[in-house]
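What follows is a single structure, written as structure tokens, with notes after it.
Bear in mind these aren't lab numbers, they're just calculated from the coordinates by the rules spelled out. These figures come from a predicted structure and were not determined experimentally. Here the Cβ positions follow ideal geometry from the backbone for every residue, glycine too, while neighbour counts run over all protein chains shown.
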């Protein structure tokens, strides 16, 4: 019964992957490279499900199409690299496919060769079970194949987590408001991928130690494919929305080769403080480091270096520090007695109450209301 449910879910997943790929291909005004990488990921998985379908229901018999089934199984080694490159392209607007990215295809190519040799040995009468190649390519094929695939997926999960961490760091170096573009939803989806990996790994381990309880194995299959179905659906829906509203951030160069002198940094620091105090650009909720660099006529990466090294802050915290100081003045100003905290937070450049409260507590160790009340108590006490 469980196996039948798993089969149905897998078939639904295959159809949905193809449908989502078609929907993506019809979308315009999106970053084409990101879209195409996601489509390639969806269609690769759909192909593998179709391959399983033809084998499960004996549309094609394995013994008659050994080369096709074994060589095509190498497609499992395309999924993780495609997903990684898609996430990287989603994060960074200047992402392009470089020649060096062909290195990601090495496991895929090696598995094609390995599966081709395995297919030849299975089809040939020249090898027997005592032969070394027969042992590696036939007797231990499943173990070698799935162990390699699971190790590869784990490697790319770590790489994707690293990419999202780098994105978050660079995001705060470039934007003063990040609530709508922080890609936290991708962190949540990676948790689903980790769960999927754990279920598949558990099934592989049980099979390799000859625990063949069909109920347990079928449940693990059902859980893993259901998680993958949910994952891809959310990935497409959220990813499509992200591509339409935000193309990603730029990977500006770091400062290791910077020729900025201490004199330059101090000069830029004075210009920066002056413009923040007089023109108050931080009052704009959409302020970016590009906007500020244009106002100061300072290259973006140099301005970023000044903020990071002189003030020991990222752009996000630097700007929010000015916003909080402005908010503190408004909160204790008696002429603003009728203004609510919500009105004040919008006035100083924040665009959400949660972001304002978090930043305010970080800078003052109090909530805005606590800060206002403590000031009023001081006035009464004096």
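Below, the figures for the structure above:
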read-out	value
Two-decimal Rg/Rh across segment 293-374, once Rg and the Kirkwood Rh are taken from alpha-carbon atoms	1.06
On Cα atoms only, tilt of 214-245 relative to the major axis of the chain in degrees	40
Per-selection Kirkwood Rh - segment 162-212 (Cα, Å, 1 d.p.)	13.4
Estimated distance in nm for a label pair at residue 265 and residue 277, the labels positioned 7 Å out from Cα along Cα-to-Cβ	2.1
Value in Å of the Kirkwood radius, where segment 52-125 supplies the Cα pairs that are averaged	14.4
FRET efficiency estimate (nearest 0.05) - Cβ-Cβ, residue 205 to residue 22, R0 35 angstrom	0.45
Average projection area in nm² (convex hull over Cα atoms of segment 271-326, one quarter of hull surface)	3.4
Candidate values (1) 0.95; (2) 1.07; (3) 1.12, label of the one derived for Rg/Rh (Cα atoms, Kirkwood Rh)	(3)
Relative packing of 192-199, 4-11, 80-87, which averages over residues the other C-beta atoms within 10 Å, highest first	80-87, 192-199, 4-11
Estimated FRET transfer efficiency (residue 105, residue 32; beta-carbon r; R0 22 Å; 0.05)	0.60
Equivalent ellipsoid, segment 15-149 (semi-axes from 5 times Cα gyration tensor eigenvalues, Å)	34, 19, 9
If the convex hull is drawn through the Cα atoms of segment 1-78, its volume per residue in Å³	100
Mean projection area, nm², convex hull over Cα of segment 208-323	12.9
In degrees, nearest ten, helix 76-91 long axis to first principal axis of the chain (Cα)	10
Taking all pairs of distinct alpha-carbon atoms in segment 147-291, Kirkwood radius in angstrom	19.3
Acute angle (nearest 10 degrees) that the helix 315-332 long axis makes with the longest principal axis of the chain, alpha-carbon atoms	40
Amide N proximity, segment 115-129 versus residue 144 label position 7 Å along Cα-to-Cβ, cut-off under 12 Å	115-122
Label-point separation in nm, residue 370 to residue 11, each point 7 Å along Cα→Cβ	5.9
Computed E for residue 56/residue 131 - FRET, C-beta separation, R0 25 angstrom, nearest 0.05	0.20
